[in-house]
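Only one structure is covered here, and it is reproduced in the block below.
The values are calculated or read from the model by the stated rules, or taken from the named source; none is laboratory data. None of these values were measured; they are calculated from a predicted model. All Cβ positions, even for glycine, are placed from backbone atoms using ideal geometry, and neighbour counts span all protein chains on display.
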Amino acid sequence: MDPKKQKIADKYVQEIRHLFPVIRQSEKRFLADIRHTIDEHCQDKDDITFDTLVQVFGDPKDLVANYITEKDAVVLQKEIRISKHIKYTICMILSIIILLAGFKCHAIYSDYQNAQKAQVNRETIIIEEGTK
């Protein structure tokens with residue numbers, strides 16, 4: 001498939017992908033099937049645009065809406081809840097890491113300032129005997 005058709009197909013699949021609330025194994029399979037079908041269609045046709053893909057396969061919003069309505073509501077709710085908890089946990093872990101890194105940087109800078117203040121400046125005075 002030529003790069004122009006590839007780019008249009010990628011845009012269509014990405015549009016569908018962004019509309020999913022959660023991407024699990026079943027959604028990945030669905031996206032792979034759609035991608036395979038689009039690739040077969042693009043090989044048969046010469047002129048492909050995003051609008052022709054929408055006319056042939058349907059609006060990405062409608063595809064995702066149909067997929068979600070066919071899925072069991074309890075399973076979908078559970079997947080969304082788990083995804084929400086995972087995102088919250090990742091945000092908390094990243095916040096703690098950033099906070100600890102800030103404290104560590106502050107401690108290092110304080111040590112640097114103390115080292116600058118504690119630096120001993122030496123001056124050597126040479127006393128020579130004078131000749132008389």
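For first residues located in the range 1-16 and in contact (Cβ under 8 Å) with a residue 40 or more places away in the chain, partners that are small (Gly, Ala, Ser) and in a helix (DSSP H, G or I) and lie 6+ apart or on another chain with Cβ distances below 7 Å do not occur.
The condition of being over 24 Å from the mean Cα position of the chain (by Cα) and surrounded by 10 or more Cβ atoms within 10 Å (Cβ to Cβ) holds for only one of Leu94, Leu100, Leu31, Leu53, that being Leu53. No other residue among Phe57, Phe30 is in contact with a Leu (Cβ under 8 Å, 6 or more places away or on another chain), at pLDDT 90 or above and assigned by TED's automatic domain parsing to the domain that holds Ile8 apart from Phe57.
To keep it simple, each residue is scored yes or no on (1) within 21 Å of Lys28 (Cβ to Cβ); (2) among the aromatic types (Phe, Trp, Tyr); (3) out of contact with any Ser or Thr (no Cβ under 9 Å at 6 or more places or on another chain).
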residue	(1), (2), (3)
Asp62	yes, no, yes
Tyr88	no, yes, yes
Cys91	no, no, yes
His106	no, no, yes
Arg122	no, no, yes
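Looking only at residues in the range 114-132 that are exposed (fewer than 10 other Cβ atoms within 10 Å of the Cβ) and part of a helix (DSSP H, G or I), the one that is modelled with the lowest pLDDT is Ala118.
The criterion of at least 2 residues that are closer than 20 Å to Ile82 by Cβ is met by the following helices (runs of 4 or more DSSP H) wholly inside the range 1-70: 3-19, 25-44, 60-70.
Kindly establish whether Val13 is closer than 26 Å to Thr69 by Cβ, modelled with pLDDT of 85 or more and either surrounded by fewer than 16 Cβ atoms within 10 Å (Cβ to Cβ) or not acidic (Asp, Glu) (or both). Spelling it out, Val13 is indeed closer than 26 Å to Thr69 by Cβ, modelled with pLDDT of 85 or more and either surrounded by fewer than 16 Cβ atoms within 10 Å (Cβ to Cβ) or not acidic (Asp, Glu) (or both).
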